[in-house]
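The values are calculated or read from the model by the stated rules, or taken from the named source; none is laboratory data. Worth saying up front: this structure is predicted, and the values here are computed from it rather than measured. For neighbour counting, all protein chains shown are included, and Cβ atoms are generated from backbone atoms with ideal geometry for every residue, glycine included.
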Amino acid sequence: MIDNDSGILDAAEVGRILKIHRRTVVRLAKLKKLPGFRVGNQWRFRRAAIEEYIRCQEQEAQSSEQYKENHE
């Protein structure tokens, strides 16, 4: 269950938001491609950081599309 009050999510919750497997979330966090932090042996993520990650990914995708359109 997603904890809406604290703004802190676990890997499974982030996975549901991003529509990817929990293990993929952990792998991306270990590679520092997804903003997160460890509490003991578990990963935690700030909801605001995940929302910013999504915004950045959207902007990168749009920029990439614009580049392709301008260089075809």
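Summary of computed values
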| read-out | value |
| --- | --- |
| The stretch 29-45 residues that are under 15 Å from Ser6 (Cα atoms), paired with ones that are among the aliphatic types (A, V, I, L, M) and part of a loop (DSSP other than H, G, I, E, B) (beta carbon under 6 Å, 6 or more apart) | none |
| Residue match in the stretch 29-38 (condition: in a helix (DSSP H, G or I) and modelled with pLDDT of 95 or more) | yes |
| Long-range neighbours under 7 Å by Cβ, at least six apart or interchain, first residue at positive phi within the stretch 1-24, second outside any helix (DSSP H, G or I) and at pLDDT 95 or above | Gly7/Arg46 |
